[in-house]
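Okay, so here's the structure we're looking at.
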Amino acid sequence: MCIVAPSGSGKTNFLLNLIKVFSQGKGTFADIAIITSNKDEPLYNYLSGEFEQIQIKEGVHSTPKLDDMDKELNHLVGTVSLMDIEGTQAEIGYWIC
């Protein structure tokens, strides 16, 4: 899934509401990583405090490696507000291609 819209249109709120639904009860994903340029935001603080399988990480360099993930489990990696930071497109492209 790719969520693309102008700044201030609610992309982060939409993603976080979707993750909240996926995380209720047993949950859909073994772990969820949200990679952002600034993890100190109220929505991220809420999610990471509410659901133990959610990790909020800062900077594209902290994106998990596919080879390190258990192939028997479902994982979710989301990037938020990183495309406009110089030098991040190539690393994010690794996940898209």
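The values are calculated or read from the model by the stated rules, or taken from the named source; none is laboratory data. Quantities reported herein were computed from a predicted structural model and do not represent experimental measurements. Methodologically, a virtual Cβ is constructed for each residue, glycine included, from the backbone with ideal geometry; neighbour enumeration extends over all protein chains shown.
Counting only residues that are buried (at least 17 other Cβ atoms within 10 Å of the Cβ) and not hydrophobic (A, V, I, L, M, F, W, C), which one in the stretch 12-26 is modelled with the highest pLDDT?
In this case the residue turns out to be T12.
Starting from the stretch 72-87, keep only residues that are within 17 Å of L15 (Cα to Cα) and at pLDDT 65 or above, then list their pairs with residues that are surrounded by 14 or more Cβ atoms within 10 Å (Cβ to Cβ) and among the basic types (K, R) whose Cβ atoms are within a distance under 8 Å, requiring at least 6 positions of separation or different chains.
V80/K11
Take the stretch 54-63 and flag every residue that is surrounded by fewer than 17 Cβ atoms within 10 Å (Cβ to Cβ) and not in a strand (DSSP E or B).
Once the filter is applied, which keeps residues that are surrounded by fewer than 17 Cβ atoms within 10 Å (Cβ to Cβ) and not in a strand (DSSP E or B), the stretch 54-63 yields G59, H61, S62.
Conditions (1) in contact (Cβ under 8 Å) with a residue 40 or more places away in the chain; (2) within 12 Å of L76 (Cα to Cα); (3) in a helix (DSSP H, G or I); (4) of a type in the set (D, E), marked per residue:
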| site | (1), (2), (3), (4) |
| --- | --- |
| G8 | no, no, no, no |
| G27 | no, yes, no, no |
| D40 | no, no, no, yes |
| E52 | no, no, no, yes |
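If you take the residues of the stretch 27-65 that are under 14 Å from T12 (Cα atoms) and of a type in the set (D, E, K, R), which of them is modelled with the highest pLDDT?
We begin by selecting, within the stretch 27-65, every residue under 14 Å from T12 (Cα atoms); these are 33-47, 56.
Imposing the further condition that a residue be of a type in the set (D, E, K, R) reduces the set to 39-41.
Values: K39: 84, D40: 87, E41: 83.
The residue in question is D40.
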